[in-house]
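This report concerns only the one structure given below.
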Amino acid sequence: MKSQAPSTVDIGEYQHGFSFPDESVFKTRKGLDEEVVNAISSHKGEPDWMRQFRLRSLRAFQKKAMPNWGADLSDINFDDLYYYAKPTDDQKKSWDDVPAYIKETFERIGIPEAERKFLAGVGAQYDSEMVYHSIKEDLAQKGVIFTDPESAVRDHPDLVKQYFGTVIPYLDNKFAALNSAVWSGGSFVYVPKGVKVDVPLQAYFRINARSFGQFERTLIIADEGSFVHYIEGCTAPIYATESLHSAVVEIIALPGSRVRYTTIQNWSNDVYNLVTKRAMAYKDATVEWVDGNIGSKRTMKYPSIYLMGEGAHGEVLSIAFAGKGQEQDTGGKAVHAASHTSSLITAKSISKAGGVASYRGLLKVNEGLHDVRSRVVCDALILDDQSRSNTYPYMEINSDNVSIEHEARVSKISEEQLFYLQSRGMSEAEASTMIVNGFLDPLVKQLPMEYAVELNRLIELEMAGTVG
Amino acid sequence: MMPERKEPAWMRDLRAKAQERFDGMSWPTTSDEEWRRTDVSGLNALSFAPAEVSAAGNPAVAPTEGMAGRLSFDGGKPAGLGLDPALEAKGVRLLGLSEALEEFEKPLNDILDEGADAADNRFAVWHYAAWSHGAFLLVPAGLEIKEPFLFDFMESGDGVLSSPHVVVILGEGARASVIHRITGQQAEERILCNAGLDIVLSDAAALSYSEGQFLGPQSLYFRNARTRIGRDSLLRHFDASLGAKLVKTRIDCGLAGKGSEAYLNGVYYCRNGQHMDIRTVQRHHSASATSRAYYKGAVASGGRTVFQGLIEVDEGASGTDAYLTNRNLILGDAARSDSIPTLRIGNNDVRCSHGSTTGRLSDEELFYLESRGLSRAESREMLVVGYFEDLLDHAPESYRQGTLDVIRERLAGAA
């Protein structure tokens, strides 16, 4: 299957530096208090239990301290952000009904092409609401639910009540509390017992309004023996004022199921991307996070897997590219809470032009377990002498019958490789790009094709002008 | 609270400055990253009474056979000083640190001032305000000494605070070896030992420094070591943590000279009821330096270890070659071992890596040894001792044997 997506994208313009006038139909004022939270909840016409959840979360957010580790977040001004904006009145069922200016933005990223080709469903998020949602009929018939969380609160309240906020409680951290208070949009996925969704579900998220915090909330429930691959891509236009993106993603992989979650994050370089992603993998379940971080000003994101039942397996593949002015503080966490579990965390990072790439991870083995295996491998490439790379792996082992391995390497592009490629007629920049692509190749191979194409193109753009 | 000391004005100032900082600080808490896994909130450190010191000077004793020199303390009191007269004639100086303050004001003022300024937690600051006794060794330029020196700190007294400090300076091209032993005289005594160590190597000097900590099971051991190593110099540091109820140590190894090399080798054996939190820092300030930290631990049931290693490479430190390895052997089910090997790299022309493994004795290897007629206990001993042995290969023989013997004893006790 060959994707036509690239043809819709003019590489010269592919910087996501375009934006359209803010045409939101409803927007809360700047700043955050009970009134704003109530306004969001009323606007969404939510039941009282969700409103109360938001208000509890708001109080937790106000009480919780900012993290005193990781990226520097001191210049976030919570009072100078909008927390909710609704772009169109209704969610459109067909692509033709989507307003032209929004469509044009998506056309530039290449969504409709991808959708037409082989995607099961597209949930495209423009600012806060899902403006477009479709899912192929056969999946709907099998009982797969792929919708926005607002609709899920309305149409599937029992499922939402049972799982929402159970993997990441609103008290978890300051940004999870913030998301819980003002969440808007995102995806809700339920895959019934034994159903295998053999084409990826895909959602695009975009931020358009200036100084706008986007707080999408995604909940994926894979029932026993099911399989689903969910893909999220993130792109924001470039603005001078800083935007905050703080998502919460919860995955529940029930016994025997498998969930794969792929992200390519390419927020523009003024976005703070502070995301909590966590999965629970029950007996014999597998969860895989594929997490690419190319954009944003500062990202703090550590997809986590709690291995709750025997036979559970978790994998995190993390790619980070930190260019000029960027700080990518990313990694992965695996918490082994049951015997006979295994995990693998592979991280590759590149830092360039003064960028800072940090791997931060946790590997924890609870008490009294046996036959636990885990391996954590980090590779970092530093492309010039202004850039930095850090590695902070935390390993907490409380059981004796375990096998834990960790390695990390930091290096530069080898002069021999550069010389070899240049002797074959490549420029230094081309040779560097090729080496970087080779460095990332094992991870890029894990991506569906159009994402691999997109990632390769993004890397090429990031590498433009690099020497050595 | 400080005993009266006849000290030069600069030292009184240094203590007063540290005391002032100490008064303004609070004890580290588990929200401080380096102390997150070691809770000292219930320690009541100020209830420990400062060790008695003596201004009498060290009684001269004959140097021990096979040793270049020896300096001993019984608690805070000098208990013997012996230096090979041939070395004394060549300019080697071995004396109590208190006695060295006047004669070596310039280097000591620099070294201790820098250490006090860099002290970033209340225990380390406290040490500079309250240090009680210690050793000073100077090996002049060009002198190569084969036999090791021995610093023997025999701590004693229940509820006593002991704050020894050691300074070792090697002149250009000098070579020497030191064994530094900390023991508790009475097993049940509760001693708080808050120690400091400074190693300064001039260009092309080479030092092997072997620390062994064998305090009793009620004692608390804090140690802050700092090194400054010059161009083309070589440090081999060995660190055996075997005693004390609570161990919280840090070695901050600054590679200040081009082409310098540092090898930090550590072993720790943590028994039921022990808590050991060990930190190494390989700080590459200058180009083309090499460092290796290799720490191996074993944790028995009821023990808890934390290893926090860091490689930090400054922007200008091109050609850095640094490696950090931590291995943990878990010997019982209720054992806990945390490993945090971290890298902070600010230069692209580097080879830096770290590795960490945690596991238990291999069933296959045990089975093999047992099938050859060894008992379970003997097989375990052979495997555990073998696991530690290679790390101590370059250490002085007496230190190596002594350390392995204690590990054997511990294993026998556990079997």
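The values are calculated or read from the model by the stated rules, or taken from the named source; none is laboratory data. Keep in mind that what you see is a predicted model, and the values were worked out from it rather than measured. With ideal geometry, Cβ positions are generated from the backbone for all residues, glycine too; neighbour counts draw on all protein chains shown.
For the reader, a short list of remarks on this structure follows.
Rundown of residues vs (1) more than 8 Å from chain B (Cβ to nearest Cβ); (2) under 27 Å from the mean Cα position of the chain (by Cα); (3) free of Cβ contacts under 8 Å to residues at least 24 places away in the same chain; (4) surrounded by fewer than 21 Cβ atoms within 10 Å (Cβ to Cβ), yes/no style:
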site	(1), (2), (3), (4)
A:Val365	yes, yes, no, no
A:Leu369	yes, no, no, no
A:Arg375	yes, yes, no, yes
A:Thr391	no, yes, no, no
A:Tyr420	yes, no, yes, yes
A:Gly438	yes, yes, yes, yes
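- Scanning segment A:216-229 for residues that are crowded, with 24+ Cβ neighbours inside 10 Å and either in a loop (DSSP other than H, G, I, E, B) or hydroxyl-bearing (Ser, Thr, Tyr) (or both), we see that the one that is modelled with the lowest pLDDT is A:Glu216.
- Residue that is surrounded by fewer than 20 Cβ atoms within 10 Å (Cβ to Cβ), modelled with pLDDT under 85 and under 23 Å from B:Ala322 (Cα atoms), where the choices are A:Glu416, A:Glu460, A:Glu405: A:Glu416
- Taken over segment A:177-204, the residue count meeting the criterion of being touching a residue at least 60 places away in the same chain (Cβ under 8 Å) and part of a strand (DSSP E or B) is 5.
- Exactly one residue out of B:Leu366, B:Leu331 is in contact (Cβ under 8 Å) with a residue 60 or more places away in the chain and either out of contact with any strand residue (DSSP E or B) (no Cβ under 8 Å at 6 or more places or on another chain) or facing chain A (nearest Cβ under 9 Å) (or both): that is B:Leu331.
- Residues in segment B:237-253 that are part of a strand (DSSP E or B) and either acidic (Asp, Glu) or touching a Leu at 6+ places or on another chain (Cβ under 7 Å) (or both): B:His237, B:Phe238, B:Asp239, B:Leu246, B:Ile251, B:Asp252, B:Cys253.
- Some residue of segment A:245-265 being at pLDDT below 85, part of a strand (DSSP E or B) and over 17 Å from A:Tyr84 (Cα atoms): yes
- Number of positions in segment A:23-38 that are crowded, with 16+ Cβ neighbours inside 10 Å and at pLDDT 80 or above: 3
- Between A:Val402, A:Val335, the distinction of being assigned to a strand (DSSP E or B), on the phi < 0 side of the Ramachandran plot and at the interface with chain B (Cβ under 9 Å from one of its Cβ atoms) belongs to A:Val402 only.
- Test: residue in segment B:376-383 that is within 30 Å of B:Thr342 (Cβ to Cβ), within 24 Å of the chain's Cα centre (by Cα) and of a type outside the set (Gly, Ala, Ser): no
- Any hit, segment A:184-196, residues being out of contact with any Asp or Glu (no Cβ under 9 Å at 6 or more places or on another chain), more than 22 Å from A:Leu254 (Cβ to Cβ) and at pLDDT below 95: no
- Residues of segment A:197-215 that turn out to be over 30 Å from A:Asp138 (Cα atoms) and at pLDDT below 85, as a count: 8
- Screening segment B:151-234 for strands (runs of 3 or more DSSP E) wholly inside it with 3 or more residues that are surrounded by 24 or more Cβ atoms within 10 Å (Cβ to Cβ) and of a type outside the set (A, V, I, L, M) returns the ranges B:191-201, B:206-214, B:220-229.
Each row is one residue, and each column tells you yes or no for (1) within 13 Å of chain A (Cβ to nearest Cβ); (2) within 30 Å of B:Ser318 (Cβ to Cβ); (3) touching a Gly at 6+ places or on another chain (Cβ under 6 Å).
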{"residue": "B:Pro341", "(1), (2), (3)": "yes, yes, yes"}
{"residue": "B:Glu370", "(1), (2), (3)": "no, no, no"}
{"residue": "B:Val384", "(1), (2), (3)": "no, no, no"}
{"residue": "B:Leu391", "(1), (2), (3)": "no, yes, no"}
{"residue": "B:Arg408", "(1), (2), (3)": "no, no, no"}
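- In the set (1) surrounded by fewer than 16 Cβ atoms within 10 Å (Cβ to Cβ); (2) touching a helix residue (DSSP H, G or I) at 6+ places or on another chain (Cβ under 8 Å); (3) closer than 22 Å to B:Arg181 by Cβ, B:Glu7 fails one condition alone, (3).
- Residue satisfying all of: in segment B:254-283; among the small types (Gly, Ala, Ser) and assigned to a strand (DSSP E or B); nearest to B:Leu215 (Cα to Cα) among these: B:Gly266
- When B:Ser286 is tested against (1) more than 14 Å from chain A (Cβ to nearest Cβ); (2) in a strand (DSSP E or B); (3) within 20 Å of B:Asp198 (Cα to Cα), just one condition goes unmet, and that condition is (2).
- Sole exception among (1) under 28 Å from A:Ser399 (Cβ atoms); (2) crowded, with 17+ Cβ neighbours inside 10 Å; (3) facing chain A (nearest Cβ under 10 Å); (4) of a type in the set (D, E, K, R) for B:Arg380, by number: (3)
- Only listed residue being more than 22 Å from the chain's Cα centre (by Cα) and of a type in the set (A, V, I, L, M, F, W, C), chosen from B:Ala141, B:Ala79, B:Ala119: B:Ala141
- Number of the condition not met by B:Gly346 [criteria: (1) within 7 Å of chain A (Cβ to nearest Cβ); (2) at pLDDT 90 or above]: (2)
- Single residue of B:Asp74, B:Asp23 found to be within 23 Å of the chain's Cα centre (by Cα) and more than 14 Å from chain A (Cβ to nearest Cβ): B:Asp74
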